[in-house]
Amino acid sequence: MSSSTPGGRRRPPQEFALPSGKKVIAALADAVPSLRRQYSNSSNDVEVVVQGSAEHTNYLKQSRQHHETRRAELKERHGAAFDEWEEVQNQLNSVTAQLSRMSTNTSGLHGNFGKFGFDAGVRTYDDGQGEANGSGEGREPADETHHEGYRQVSTIKLAKRPVVRQWFHRNVLWRGSEQTEIMAVELFFDLLYVGIIHSNGEHMSEEPNGEELLRFAVTFIMSWKIWTDVTMALSWFETDDVLTRLEILFEIALLLAFTTNMTNCFVDDPAHNTYTQLVSFYLAARLLFAVHYVVIAYLVPMVRGAMITSAITVLVPSALWIASIHVEMPGRLGLIWPALALDMYGSGIFIGLFRYARSAGADTSMGKKLNKLFEFYPAMNIEHKVERMNAFVSLVLGYSVVGILFQSNGGYNVNAFLGKAVLGLMQAFFFNWIYFDVDASTINVHAIRHSANGAVLWQFAHLPFVMGYIVATSALSTLVLALDVPNTERDQLRPPYSVRAEEHLSSGVRFFYCQGLAIALLSMAFISLSHSHRTPPTMRLSKPVRLINRVLVCIIMFLLPMATHLDSLSLISTTLGLTAYVLIVELWGKSCKDESFFPGRRDVSKMRAMADAKSAETEVQGTDNPNPGQMRADRMPLDQNDTAAF
């Protein structure tokens, strides 16, 4: 029987009998249809239900009540002998339960809960004892061979039935216990976005005006949608066959062709306009996913409703894109922006219907139909999504380092060019610090797990953050090469940097740089807002106060282009100072009042005492800890006073 859930050690169907004699079989969702067909013509009274469903629970309660009644009758009949036997049985059950504790629904998710926060609505469909593949790829038992003296081997197939990683079923998230990691093919896919960002940024630095900003916004959102499609598909389903990798390769080729037509898509000359080619390659990439969803809907009936609606969200905006080819500018924008809105947020319509059917509309006729259509809905894998987003943000922040590079034209020149480049590097470092080490630290519950609104805010706030930072970086490269401050001579630069150097800053460069940084910093505030952070009672500044401070700095940055007397060095220095101020407030505000922010004698003594205690613990660790290198459970710190900020 083919599987539509990830491979690994799966729970077998559970069988038990009701007082009436009916046999009940509780199986995983993907096995229910085949089992029902198997027992449909059976002479025995058999009913197949989904494990963990309300029917499963009710039948178990009926069986328990029946056996409790029989237990009372036996106790009355046998007296003391029954009590002694029951005590022995209870002890045996207790030991057995402790031995099988790793088989519980959440046993394999302790690491996931520790990193992203606890959620009582998360369950696992395996026993939590399988090991995750180093590449983040799932494996099925049929694909594995093991011989004495040899390591376990996984054989890749040409094509496999799609395998659902995790899904929602009646307000419960079912997922594997293993942690999903980024695959090598995904990192290869991200490499193409280095070229997309560089091409867009370089072209914006040459022509910093409104038309160029419009072109960048349209083309980058289109490329971002392709990235999110690939990320979501790899998060929903296992991809350990050759056919899927070839599909990703085809997507990469289409994205490459799309990239080569970005810069001239809005030019007035029809002979050099590439809008038709741009849309053609974009639609080819999107329609490939529509075909992908339809095929999965046929192969995996479990998620058929979700896949059909996903295909619809591709087809409807595709009609608008095709129509936009036959309309000239600026009327074309009247079709482009609705198409982009449907591409980015169209799936939210069906997700809203899914949530309505699970809550307010559960008892309505429409809600019952939607519940039948969306009984199983594929879910986002939290660790995969977070790691993919972190990798993309690292790529964007890395572009800011590339944007400030230049080449000197001989001699030992420690000049203003180098000084501005170093300041730009510090600013990128501070943004990286805030995103990864401030906002992403001390998280109690991650936004994706915290709430549906938090997950939406977290996901959609990343787009303006990335776009704003790319726009600012494109202007930063112009500011670094500007000749408007002392000790900046054109002959100190090697071509082509000397050609790009400008003596005066245009208003477009100022607006791109300052307002791009303001939008990026404001988006980071929304990303931080979406999480639930741990808040010790003695924290110096609460999270709302720190976020308000960040918003005020964003307003200052947004208005900074009006200070036209500031030269390139002053502009970079000012924004760097504001960014450093935000970082200092965050670091100081997250510290506790009962601990000194600056190291003193008390802290040095405390550190020495902790070092001595650690040394003493290390000496005896080999004797009282059966697992050297791991902290004992009775010595793990636990702060009982931590609370959630949101």
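Read-outs throughout are calculated quantities, based only on the coordinates presented, and are distinct from any laboratory measurement. Since we're looking at a predicted model, the values are computed, not measured. Glycine also receives a Cβ, built like all others from the backbone with ideal geometry; neighbour counts cover every protein chain displayed.
Brief remarks on what is shown
- Global form of the stretch 376-440, assessed from the alpha-carbon gyration tensor, a/c cut-off 1.5: prolate
- Whole-Å distance, taken between Cα centres, linking the stretch 368-399 and the stretch 254-326: 20
- When Rg and Dmax are taken over the Cα atoms of the stretch 14-102, they come to 16.8, 48 Å.
- Placing a label point 7 Å from the Cα of TYR298 along the Cα-to-Cβ direction, none of the residues of the stretch 212-246 has a backbone N under 13 Å of that point.
- For the stretch 377-515, the Cα gyration tensor yields ellipsoid semi-axes of 38, 14, 12 Å (square root of five times each eigenvalue, largest first, whole Å).
- Kirkwood Rh and Cα Rg combined as Rg/Rh, the stretch 186-345: 0.99
- Local electrostatic count, ILE584, Cβ distance below 14 Å [Lys/Arg +1, Asp/Glu -1]: +2
- Overall form of the stretch 216-263 per C-alpha gyration tensor (a/c, 1.5; a/b vs b/c): oblate
- Given their separation in residues at 0.36 nm each and the Cα-Cα distance between them, LYS369 and THR538 gain 55.7 nm when the chain is fully extended.
- Distance between the stretch 12-87 and the stretch 486-524 - C-alpha centres, whole angstrom: 73
- The ILE584 and ALA341 beta-carbon pair, evaluated with R₀ = 30 Å, returns a calculated FRET efficiency of approximately 0.20.
- Label-point separation, LEU60 to ARG494 (7 Å along Cα→Cβ), nm: 7.0
- Fully extending the segment from GLU68 to ASP83, taken as 0.36 nm per residue of separation minus the present Cα-Cα distance, adds 4.0 nm.
- GLY305 sits among other residues whose Cβ lies under 13 Å from its own Cβ, and their net charge, with Lys and Arg +1 and Asp and Glu -1, is +2.
- For SER408 and GLN38, a Förster radius of 60 Å and the Cβ-Cβ distance give a FRET efficiency of 0.20, rounded to the nearest 0.05.
- Local electrostatic count, THR69, Cβ distance below 14 Å [Lys/Arg +1, Asp/Glu -1]: +3
- Using a Förster distance of 51 Å, the FRET efficiency for LYS22-ALA159 (Cβ separation, nearest 0.05): 0.80
- Lysine pairs in the stretch 387-613 with Cα atoms under 21 Å, if 8 or more residues apart or on separate chains: 4
- Prolate/oblate/rounded call for the stretch 281-404, Cα gyration tensor, a/c under 1.5 rounded: oblate
- Taking MET262, MET344 and counting other C-beta atoms within 10 Å, the order from fewest to most: MET344, MET262
- Projected label points at CYS592 and ALA319, each 7 Å from Cα along the beta carbon direction, are separated by 6.0 nanometres.
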